[in-house]
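Have a look at the structure below before the remarks.
The values are calculated or read from the model by the stated rules, or taken from the named source; none is laboratory data. The model shown is predicted, which means the values in this text are computed figures rather than measured ones. Virtual Cβ from ideal backbone geometry, glycine too; neighbours counted across all protein chains shown. Only protein heavy atoms, including side chains, enter the accessible area calculation; ligands, DNA and RNA are left aside. Shrake-Rupley method; radii C 1.70, N 1.55, O 1.52, S 1.80 Å.
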Amino acid sequence: MTGDTAASIKGKRILVTGGAGFIGSTLIERLIDANKIVVLDTFDRDALSGKPFATHPNLEIARASVLDVDAVHAAARGAQLVIHCAGIAGIDTVIKRPTLTMQVNMIGSANVLAAAAASGVCERIVCFSTSEVFGQYAFGAREDDRSVVGAVGEARWTYAVSKLGEEHLAIAYHREMNLPAVVVRPFNVYGPGQIGEGALRTFILRALRNETIQIHGDGTQIRAWCYVDDMVEGVLLALLTPQAVGESFNIGNRRSVETIYGLANTVVRVLSSTSQIEFVPKASADVELRIPATEKASNLLGFNAKIGMEEGILRTAAFYRARLESGWTP
């Protein structure tokens, strides 16, 4: 990410729902020196407390769920910018708690959009959707392509359908109520500070400790991997660009494409690890192919991912290596 983009946002009151999470806390780090930041989060996943800015005087914490209507409206009061990152994510969590997944991602998003509209001062709200809305097979998926979700009853797709509902609601608020809403669809974001169940995080941690890396299925699933600083740049551009309002954007890196098996081998090679790779059965439905088209984000936002796969792996590994050497246990 370039410093110039973040420097263009200053003197604002910014609400970040899910701000204790991986992407939310990375965004805050770029914005906190020049803005007042309100974080609304349950802290079930906490990437924020260990950050250098965790006690920054510009940081205000509202420890609550987006399902708490009163807490959401209180946090949104006076917020000129809203970044709605909150949501239930991570395939293991989604499969275990599909009901909560849909409640948080749909009802919680409805609460945040209503609060932003009611505040009367919201200049921009950026809502996080997901690349999961493209289903199991998506090559060069464009923002206006048909969204696809899997069979009803397959727990994995509760996440996709709930995020798709959020997208429709955000655009409806824009069209009906003139709320300046933007939707971003992250594609497989990874990097320092990631928490939860991300494949690259798991592979890197295991490789650093020379542990066996497990691949679910045959490893032929194809993904495009986006380093977190590139994702943050896309969100900041969505906050700043007038033409972004009322639009959805794929935010990803179509040049960092690997099969899951190829990714595991790349991690082992780049980190000079002795980890072995083994295959285990899939536990649920999986995405076989997902590569975004990013021309719209490039043309309207000026967004172009910069961090390549090997550089991203090295940066991420350096972060986790330092934590492991300090005695941290994943």
Which numbered condition trips up ALA79, out of (1) part of a loop (DSSP other than H, G, I, E, B); (2) open to solvent by 20 Å² or more (accessible area, probe 1.4 Å); (3) under 29 Å from LEU31 (Cβ atoms); (4) of a type outside the set (D, E, K, R)? (2)
Which ones in the stretch 125-174 are acidic (Asp, Glu) and either out of contact with any Leu (no Cβ under 9 Å at 6 or more places or on another chain) or under 19 Å from LEU113 (Cβ atoms) (or both)? GLU143, ASP144, ASP145, GLU154, GLU166, GLU167
Could we say that ILE213 is crowded, with 20+ Cβ neighbours inside 10 Å and touching a Lys or Arg at 6+ places or on another chain (Cβ under 6 Å) here? yes
Need a quick list: helices (runs of 4 or more DSSP H) entirely within the stretch 189-298 having at least 1 residues that are within 22 Å of GLY87 (Cβ to Cβ) and free of Cβ contacts under 8 Å to residues at least 40 places away in the same chain. 199-208
ASP92 fails exactly one of (1) among the acidic types (Asp, Glu); (2) under 30 Å from GLY150 (Cβ atoms); (3) in contact with a helix residue (DSSP H, G or I) (Cβ under 9 Å, 6 or more places away or on another chain); (4) open to solvent by 30 Å² or more (accessible area, probe 1.4 Å), namely (3)
Suppose we filter the stretch 287-307 for residues that are surrounded by fewer than 16 Cβ atoms within 10 Å (Cβ to Cβ) and either closer than 23 Å to PRO330 by Cβ or at pLDDT 95 or above (or both); how many remain? 6
For a quick check of your reading of the model, give me the residue pairs whose first member lies in the stretch 76-87 and is without any contact (Cβ under 8 Å) to a residue 60 or more places away in the chain, whose second is open to solvent by 10 Å² or more (accessible area, probe 1.4 Å) and outside any loop (DSSP other than H, G, I, E, B), with beta-carbon atoms closer than 8 Å and at least 6 apart or on different chains. ARG77/SER119
Could you say whether any residue in the stretch 126-141 is among the polar types (S, T, N, Q), surrounded by 24 or more Cβ atoms within 10 Å (Cβ to Cβ), outside any helix (DSSP H, G or I) and within 13 Å of the chain's Cα centre (by Cα)? yes
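Here's a check for you: in the stretch 142-188, which residue that is among the charged types (D, E, K, R) and part of a loop (DSSP other than H, G, I, E, B) is most open to solvent (accessible area, probe 1.4 Å)?
Selected residue: ARG146.
Only one residue in VAL72, VAL16 is assigned to a strand (DSSP E or B), touching a helix residue (DSSP H, G or I) at 6+ places or on another chain (Cβ under 6 Å) and open to solvent by less than 20 Å² (accessible area, probe 1.4 Å). Which one?
On the way: VAL72 fails: assigned to a strand (DSSP E or B).
When all the criteria are applied, what remains is VAL16.
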Look at GLU310 and say whether it is part of a helix (DSSP H, G or I), over 20 Å from the mean Cα position of the chain (by Cα) and surrounded by 13 or more Cβ atoms within 10 Å (Cβ to Cβ). yes
